[in-house]
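Values quoted throughout were computed directly from the atomic coordinates according to the rules given, and no laboratory measurement underlies them. In this text the structure is predicted, and so the values were computed from the model without any measurement. Please note: Cβ atoms are built from the backbone with ideal geometry, for glycine as well, and neighbour counts cover all protein chains shown.
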Amino acid sequence: MPERIVIDPVTRIEGHAKITIQLDDGGLPTEARFHVTEFRGFEKMFEGRPFWEMPAITARVCGICPVSHLTASAKAGDQILGVRLPPAAVKLRRLANWAQVLQSHALSFFHLSSPDLLLGMDSDPAKRNIFGLIAANPELARAGIRLRQFGQRIIAALGGQSIHPAWVVPGGVRHSLPDEDKTWVRDRLPEVRQTTLTAIDMFKGLLDKFREETDVFGKFPTMHLGLIGPDGTWETYDGAMRFRDADGTTVAEVDPVRYREFIGEKAESWSYIKTTFFRPRGYPDGIYRVGPLARLNVCDRMGTPLADKEFAEFHGRGRDLTNASFLFHYARLIEILASIERIDGILDDPDLQSAHIRAEAGVNNPEGVGCCEAPRGILFHHYQVTDDGLIRKANLLIATAQNNLAMNRTVTQIAKRYVTGRDVPEGILNRLEAGIRAFDPCLSCSTHAAGQMPLLVRLIGPGGEVVAERRRD
Amino acid sequence: MPADVLVIGYGNTLRGDDGLGPAVAADVARLGWPGVRVKVVHQLTPELAADLADARRVVFVDAAIGGEPVTAVRIETRPAGDVMSHAADPRGLLTLCGAVYGTTPDAWLVTVAGADFDFRDGLSPTARENARAAQSSVEALIREASCA
């Protein structure tokens, strides 16, 4: 008789979620679903607010990637104003976004995923965390904290505070980079570059050990979506959005303002998160992935020497591997390296100290679509406004929603490989979670949670009754 | 002159009274007391461990669902724990600080009862009243540290 296994909630991801696994009459998994159980009511809340307040408001949606929301929101505002930004403003926004990508990836890799990678999927759960990592490799743990601190310091230098800086505004930014912060960043660059190179070498060394996880943690062909620069270079702030097939064929390359022609949105009754798909292929065949792995699959080069060297090695492993979601970790590290090199490259640009950083205007367009790459993938803010600039309608398309189909397919793949009955051992639980963590989903675009999330596994019978329960606090 | 005290108010200000921690911390910051550093954050993240390591006393301020209007309890490290999720807690961060930097400050958690955690910008009347009491509690902890 069919039964469901419920893992609720998933730990060490940003926000709240659970996993359910549907078993067939023989007790074998047929399908698994990743549920987001927190309702996001923000879009409704934005209606009636002035669009020029939106960057500061939407930045408070998420404590992990506020700069990305700021940037996408301000870019939508730029279009409503109908202005051309001063070059200095664009450079400063780019700097903030690289810092954002860097600090978010550092959190994901060093603190959320490294315990799984370094201590092993079957290690004692009481030790498979940041403290276990500190015990096993204290230097790596400290370096990870300092790497994240580096990104946060840049954001703080620009925004005044590292979380929720109301610094990016429609038309530009509020102020330039202070000299003393520039010096601090310059001094810290060699250390963070070395930390990242060490982490990349470490991850490459682990790939053989995790060959099975690489094959099972979401390895399947899908399209990938991300921004690219004019010459196909890795891009996080501007450019065209490019869809590429699993074999590397470019399927579409268009201005992000046309996102609705290419991205469909679907609500499922079992999750509060929207699911998106490539509209020309329909649902669910239009599955695609976004984020670090996708960005490295859609671009032709990283555009900086060290990152390009790693990019070549990454792609040298073949299309089969670059479609494996486990390699999100690898791609994340290469993006940290690219961000460091980009920051290094722009630091001495005199525009970073320019006084010409904001264009002023009134409402000149009734609608704007702002798009940038958030750490977890391409992000869209779409606003429609009244003549007075009040939001009539807002639509936010976040990366985690765009990875939803792929995350569901990933947990299904893992469940089919490892779950063989009612008993779900610790190591399998963690593999299911780790499969999701590879995407680094951010569900905190929802709520602030208090307290530690335990892991609850429930086996639910066909009548909805709990037939077995296992809890990990 | 007060000792080096760090006040961290955390919570999501778009979830109504969950913004109590940031609101109280912001009020403390406005006092401009020397030797007092204030951080207003959405959530507790690992790099805050470095700020903890530099402080003699840390006061975390967080919202609570119901219960006493204001509580202040001393917190300790724990043998092990998972600090790294959206739900990182003060004890986890304190433990991380000790593990990474080999030192921990005297740490307190001030909780402030909220009444409405819906999608909203701003505090409920109950929360505003509790915030005033919480600020007094935080100020007392700062003064006490300066006398220690």
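To the nearest 0.05, how large is the calculated FRET efficiency for A:R281 and A:R317 if R₀ is 22 Å and r is the Cβ-Cβ distance? The computed FRET efficiency comes out at 0.25. Ranked by the mean number of other Cβ atoms within 10 Å of their residues, highest first, the peptides B:42-49, A:238-245 come out as B:42-49, A:238-245. Would you work out which of B:V7, A:P178, A:L352 lies farthest towards the positive end of the dipole of the protein assembly as shown, given +1 charges on the beta-carbon of Lys and Arg and -1 on that of Asp and Glu, about the Cα centre? The one lying farthest along the dipole's positive direction is A:L352.
Largest mean-square fluctuation among B:L123, B:L31, B:L20, in a Gaussian network model of chain B whose springs join Cα atoms under 10 Å apart, belongs to B:L31. At a Förster distance of 30 Å, what's the computed FRET efficiency of A:K204 paired with A:D122, Cβ-Cβ distance as r, to 0.05? Approximately 0.85, to the nearest 0.05. For a straight C-alpha distance cut-off of 16 angstrom, the aspartates and glutamates reachable from A:K44 (same-chain residues fewer than eight places away being disregarded) are A:E53, B:D118, B:D121.
Of the residues A:V385, A:V101, the one with the fewest other Cβ atoms within 10 Å heads the list, and the complete ranking is A:V385, A:V101.
Here the contact order of the stretch A:339-439, divided by its residue count and restricted to Cα pairs under 8 Å and six or more residues apart, works out to 16 percent. Judged by the gyration tensor of its Cα atoms, with axes a ≥ b ≥ c, the stretch A:320-445 is oblate; a/c meets the 1.5 cut and b/c is at least as large as a/b. This model, with +1 at the C-beta of Lys and Arg and -1 at the C-beta of Asp and Glu, gives chain A a dipole about its Cα centre of some 380 debye.
Projecting the Cα atoms of A:V254, A:L70, A:M302 onto the charge dipole of the protein assembly as shown, computed from C-beta unit charges around the Cα centre, puts A:V254 farthest toward the positive end. The mean number of Cβ atoms from other chains found within 10 Å of a Cβ in peptide A:126-132 is 6, as a whole number.
Can you say what percent of the DSSP beta bridges in the protein assembly as shown, counting only those with both residues inside, are antiparallel? Round to 5. About 70 percent, rounded to the nearest 5. Taking the number of Cβ atoms within 10 Å of each Cβ as an exposure proxy, the fewest-first ranking of B:D121, A:D344 is B:D121, A:D344.
Among the listed pairs A:K219/A:K416; A:K18/A:K393; A:K127/A:K416; A:K219/A:K266, a Cα-Cα separation exceeding 19 Å is found for A:K18/A:K393; A:K127/A:K416; A:K219/A:K266. Based on Cα contacts under 8 Å between residues 6+ apart, chain B shows a relative contact order of 33 percent. Counts of other chain beta carbons within 10 angstrom of each beta carbon in peptide B:92-100 average 4.
Computed over the stretch A:190-300, the convex hull of the alpha-carbon atoms projects to a mean area of 9.5 nm². Short-range pairs are left out: with C-alpha atoms under 8 Å and at least six residues apart, the relative contact order of chain A is 28 percent.
Between A:I346 and B:E129, the FRET efficiency estimated from the beta carbon spacing at R0 = 45 angstrom works out to 0.40.
Annotation: the residues A:H224, A:H382, A:H356, A:H175, sorted from fewest to most other C-beta atoms within 10 Å of their own C-beta, follow the order A:H356, A:H175, A:H382, A:H224.
Axis angle, to the nearest 10 degrees, between helix B:125-147 and the longest C-alpha principal axis of chain B: 20 degrees. For chain A, adding -39500 (n - 2.57) for each run of n ≥ 4 DSSP H residues and dividing by the number of residues yields -12500 deg cm²/dmol at 222 nm.
Taking each residue as 0.36 nm, the span from B:R37 to B:A72 lengthens on full extension beyond its C-alpha to C-alpha distance by 10.7 nm.
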